[in-house]
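See below for the structure under consideration.
The values are calculated or read from the model by the stated rules, or taken from the named source; none is laboratory data. All of these numbers come straight from a predicted model, not from anything done at the bench. Using ideal geometry, Cβ is built from the backbone for each residue, glycine included, and neighbour counts are taken over all protein chains shown.
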Amino acid sequence: MEERDGGSAGESRRTVLTAVAANFLLAVAKGVAALFTGSAALWAECAHSIADTGNEVLLFVGLTRSTKQKDPEHPFGYGRERFLWGFLASLGIFLIGGVLSIVEGVHSLLNPEPLTTPWVGIGVLVVATVFEGYSWIVARRQLRSDARRSRRSVIEHLSRSSDPSATTVYLEDSAALIGIALAFVALLLHLITGSAVWDAAASILIGLLLIAVAIVLAHRSKELLVDESAPADVVDPIRAALGRPAWVAEVHAVDAIFVGPSRLLVIAELAVTPDLLGAPAGELIRHLADLRADLLRSSAVAEIALTVGEPSPATPARTGARAGPGRAGKR
């Protein structure tokens, strides 16, 4: 069974820490520029960077807590901490940042103010593009690496990945680059036309963008928290490994859910060949134990439970029932 999802915690940690550093510096720079210029779009971008920084701090907390070793109270470990903290981050930080940006835009529409020292704002946005672009490249590099290991396209991996860290940072930084472009265009149009409407409109659009990203990320985290089944490209190799031993007549069902990034709880029902059913019970138990141990060698499988059922009437008999279990392979 090959690796089908997610990268290492070390890669995710580097991605998140890079994003934290970049967004904290940008939040300070955008805030100072907004004070100098009075631009609503820059205030929105400042809120955006504050939201991103807070979000990534929460992701880092989730990353740290998820690496704790399993214990009697948490037999499958703490991997779902990442899902929980990602969910809290998307709901709290993104929605707050989005609402603040919209409020600032509406306020600017109702109380328009002229720009002062606009070139300071433009200079900050240029620098912001460099920092956000670097963070985006780091996140995209990890995302593409994870997608390649999982044999998926980047778009497929965004919707199926069980690791929220790189996905969240990538979407954050993509939204940030779009927000910077909106703020830049708004500043130029404000300079050209003298109207604060452009600035206010950009602030509102940035807020709506933040809320849209929040909804997407919250939805994915919610699916992982409520035991969504692992996708077919994750389950199929496990099913194949279960059906490989000669004593397995049929694999009735395989259910797999994520108990952490790239960590699965698997429950499977097998039908065994008739001659093994007629053998001493100890032989069947030994075969099941060997197959379970074989699958647990994959770092993708946190735990597996095997049950035995009757073969379907149409299932052809298999020979070689006394053969040992097939190899599940390495993740």
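Could you list, in sequence order, all residues of the stretch 9-64 that are polar (S, T, N, Q), farther than 15 Å from residue 129 by Cα and crowded, with 24+ Cβ neighbours inside 10 Å? Within the stretch 9-64, 12, 15, 37, 39, 55 qualify.
Each row is one residue, and each column tells you yes or no for (1) in the same structural domain as residue 61 (by TED's automatic domain parsing); (2) more than 21 Å from residue 145 (Cα to Cα); (3) among the β-branched types (Val, Ile, Thr); (4) buried (at least 23 other Cβ atoms within 10 Å of the Cβ).
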residue: 158; (1), (2), (3), (4): yes, no, no, no
residue: 165; (1), (2), (3), (4): yes, no, no, yes
residue: 169; (1), (2), (3), (4): yes, no, yes, yes
residue: 173; (1), (2), (3), (4): yes, no, no, yes
residue: 178; (1), (2), (3), (4): yes, yes, yes, no
residue: 183; (1), (2), (3), (4): yes, yes, no, yes
residue: 186; (1), (2), (3), (4): yes, yes, no, yes
residue: 189; (1), (2), (3), (4): yes, yes, no, no
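Restricting 140, 220, 144, 239 to residues that are under 14 Å from the mean Cα position of the chain (by Cα), in a helix (DSSP H, G or I) and either touching a residue at least 40 places away in the same chain (Cβ under 8 Å) or outside the structural domain of residue 53 (by TED's automatic domain parsing) (or both) narrows the list to 220. Annotation: residue 223 fulfils all but one of (1) more than 30 Å from residue 278 (Cβ to Cβ); (2) modelled with pLDDT of 90 or more; (3) of a type in the set (Asp, Glu); the unmet one is (2). Hey, any hits in the stretch 180-194 for a residue that's free of Cβ contacts under 8 Å to residues at least 12 places away in the same chain and part of a loop (DSSP other than H, G, I, E, B)? Checked against the condition, which is being free of Cβ contacts under 8 Å to residues at least 12 places away in the same chain and part of a loop (DSSP other than H, G, I, E, B), the stretch 180-194 yields no hits at all. Taking residue 246 and the conditions (1) more than 30 Å from residue 225 (Cβ to Cβ); (2) surrounded by 21 or more Cβ atoms within 10 Å (Cβ to Cβ), which numbered condition does it fall short on, given that it satisfies the others? With respect to (1) more than 30 Å from residue 225 (Cβ to Cβ); (2) surrounded by 21 or more Cβ atoms within 10 Å (Cβ to Cβ), residue 246 is out only on (2). In the stretch 247-268, the count of residues that are part of a helix (DSSP H, G or I) and closer than 15 Å to residue 304 by Cα is zero. Is it the case that the stretch 36-43 has a residue that's among the hydrophobic types (A, V, I, L, M, F, W, C) and touching a Lys or Arg at 6+ places or on another chain (Cβ under 7 Å)? Looking for residues that are among the hydrophobic types (A, V, I, L, M, F, W, C) and touching a Lys or Arg at 6+ places or on another chain (Cβ under 7 Å), one finds at least one in the stretch 36-43, hence yes.
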